[in-house]
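Engineer: Can you read through this structure? Questions will come right after.
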Amino acid sequence: MRANLELIEQIRADSINDIESLTEMCQHMTLVTESIQQNYQALLVQNQLLTGKLLSIIDECTCREGKRCGRCLEILKTLGGENLEPKPDAVQKYQTLLTKLRKLG
Ligand SMILES: [Zn+2]
């Protein structure tokens, strides 16, 4: 009888430990998720600022639409390129990842 009670007590203590480490893991995952989200937001804002800056350079240039100078054409090419704006499927992948992480947390 005493051994039985001790066993139950041990199982209870183990369970509490398991729940505590699980909670810690979830909290950690939440922090990781928030950190990724913040970094991504900062990146988007940075991209928007950069895009705005480059577009204002074109605006201030003496060349006109249809007859752009080499520099403006280069800027437009860059803005239309892959590196500046995140591709829709990249955003989609990121959101899928976030959803998975949230489910874990
Ligand atoms: Zn120009």
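Engineer: Based on Cα coordinates alone, diagonalise the gyration tensor for the chain, multiply each eigenvalue by 5, take square roots, and list the semi-axes in whole Å, largest first.
Structural biologist: After scaling each eigenvalue by five and taking roots: 58, 11, 6 Å.
Engineer: Hey, with R₀ at 35 Å, roughly what FRET efficiency would T23 and Y94 work out to, going by the Cβ-Cβ distance, to 0.05? Write out the running numbers ahead of the final one.
Structural biologist: On the way: r = 26 Å, r/R0 = 0.75.
For T23 and Y94, the calculated efficiency is 0.85.
Engineer: Still on this structure, I have one more. Along the positive direction of the dipole of the chain (beta-carbon charges: Lys, Arg +1; Asp, Glu -1; about the Cα centre), which of Q41, L98, M1 reaches farthest?
Structural biologist: After comparing all options, I get Q41.
Engineer: Turning to a different aspect of this structure: Sum up the lysine pairs in segment 4-105 that clear both bars: alpha-carbon distance under 17 Å and a spacing of 8 or more or different chains.
Structural biologist: The result is 4.
Engineer: Using a Gaussian network model of the chain with C-alpha springs under 10 Å, which one of I36, I57, I11 is most mobile by mean-square fluctuation?
Structural biologist: I11
Engineer: Now for a separate question. Under the rule that a partner needs its Cβ under 4.7 Å from the first Cβ, which Cys of the chain have none?
Structural biologist: Singleton cysteines: C26, C61, C72.
Engineer: Hey, with R₀ at 22 Å, roughly what FRET efficiency would R102 and S15 work out to, going by the Cβ-Cβ distance, to 0.05?
Structural biologist: Here the calculated transfer efficiency is 0.30.
Bear in mind these aren't lab numbers, they're just calculated from the coordinates by the rules spelled out. Since we're looking at a predicted model, the values are computed, not measured. Here Cβ is always computed from backbone atoms with ideal geometry, including for glycine, and neighbour counts include all displayed protein chains.
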